[in-house]
Amino acid sequence: MSKEILYILLPDFASHEMVYLMEAISSDETQLKPNPKYINKIVAPTMEPVTAIGGFRVIPDYSFESIPEDYAALILIGGYGWLTPISTEVIPIVRKALDNSKIVGAICNGASFLAKAGFLNGVKHTGNGLEQLKLWGGENYSNLEGYLHEQAVSDGGIVTANGSAALEFAKELLLLLENDTPERVEMYYQFNKQGFCELFK
């Protein structure tokens with residue numbers, strides 16, 4: 001299995017939604033990992049830099065046309081790009097990932113996009129509220145009973161989360177990827193959730 005975790009970034013992506021996951025993949029509590037289990041890679045529509053909502057630009061490792069065949073997980077980071085026509089080019093990428101039993105994660109508007117494309121109809125899931133999923137999904141979204149009003153949900157190899165759940169999103173993916181022991185993943189989660197001052201009084 002490839003070590004690469006692919007993050008799909010569309011223009012005006014929400015950079016904060018990937019910070020906790022990328023950090024845990026690359027480093028531990030003291031330093032960069034000398035031999036990380038996985039490697040973070042960026043995918044964008046083209047090889048041109050893609051701009052975040054906050055204004056900074058990221059240089060992709062792959063374009064939609066050059067995505068490798070083998071990778072560990074496909075992560076859809078939220079943002080306003082999922083409202084644009086370019087998002088339709090991601091549908092065959094996600095379909096191929098699921099057909100090949102890859103882990104798929106989607107947060108915020110990325111989760112709404114999965115509903116719109118019909119990818120949430122067979123799994124428990126969450127997102128930016130049921131009403132948004134119904135609005136985006138229309139006739140393609142038929143799994144209303146599968147919606148859970150939770151920060152993040154993992155089911156059937158698909159992890160979904162709302163836009164305020166970057167940390168919970170990371171936790172569920174780290175567990176699914178077996179990036180570390182469950183105990184260490186929980187420690188990472190609690191440290192970032194509660195904060196240094198609360199944990200070390």
key: Which numbered condition THR88 misses (of (1) β-branched (Val, Ile, Thr); (2) in a helix (DSSP H, G or I); (3) in contact with a Lys or Arg (Cβ under 7 Å, 6 or more places away or on another chain))   = (3)
task = Scan (1) in contact (Cβ under 8 Å) with a residue 60 or more places away in the chain; (2) surrounded by fewer than 18 Cβ atoms within 10 Å (Cβ to Cβ) for the single condition ARG57 breaks and write down its number.
result = (1)
request  = All but one of (1) closer than 25 Å to SER66 by Cα; (2) in contact (Cβ under 8 Å) with a residue 24 or more places away in the chain hold for THR88, so report the exception by its number.
outcome  = (2)
query = Among the candidates ALA117, ALA97, ALA106, which residue alone is surrounded by 17 or more Cβ atoms within 10 Å (Cβ to Cβ), free of Cβ contacts under 8 Å to residues at least 40 places away in the same chain, in contact with a Leu (Cβ under 6 Å, 6 or more places away or on another chain) and of a type in the set (A, V, I, L, M, F, W, C)?
reply = ALA97
message = Suppose we filter region 120-131 for residues that are surrounded by fewer than 24 Cβ atoms within 10 Å (Cβ to Cβ) and touching an Asp or Glu at 6+ places or on another chain (Cβ under 7 Å); how many remain?
response = 2
note = Within region 27-52, the count of residues that are in contact (Cβ under 8 Å) with a residue 12 or more places away in the chain, touching a strand residue (DSSP E or B) at 6+ places or on another chain (Cβ under 6 Å) and not charged (D, E, K, R) comes to 11
request  = Scan region 37-48 and give yes if some residue there is assigned to a loop (DSSP other than H, G, I, E, B) and surrounded by 15 or more Cβ atoms within 10 Å (Cβ to Cβ), otherwise no.
outcome  = yes
inquiry  = Please go through region 60-90 and give me each residue that is of a type outside the set (S, T, N, Q), over 25 Å from SER27 (Cα atoms) and surrounded by fewer than 18 Cβ atoms within 10 Å (Cβ to Cβ), ordered by number.
reply    = PHE64, GLU65, GLU69, TYR80, LEU83, PRO85, ILE86, GLU89
key: Subset of region 144-189 [of a type in the set (D, E, K, R) and either more than 21 Å from PHE113 (Cβ to Cβ) or at pLDDT below 95 (or both)]   = LYS171, GLU178, ASP180, GLU183, ARG184, GLU186
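The values are calculated or read from the model by the stated rules, or taken from the named source; none is laboratory data. As the structure is a prediction and not an experimental result, all values here were calculated from the model. Don't worry about glycine lacking a Cβ; one is built from the backbone with ideal geometry, like all the others, and counts go over all protein chains shown.
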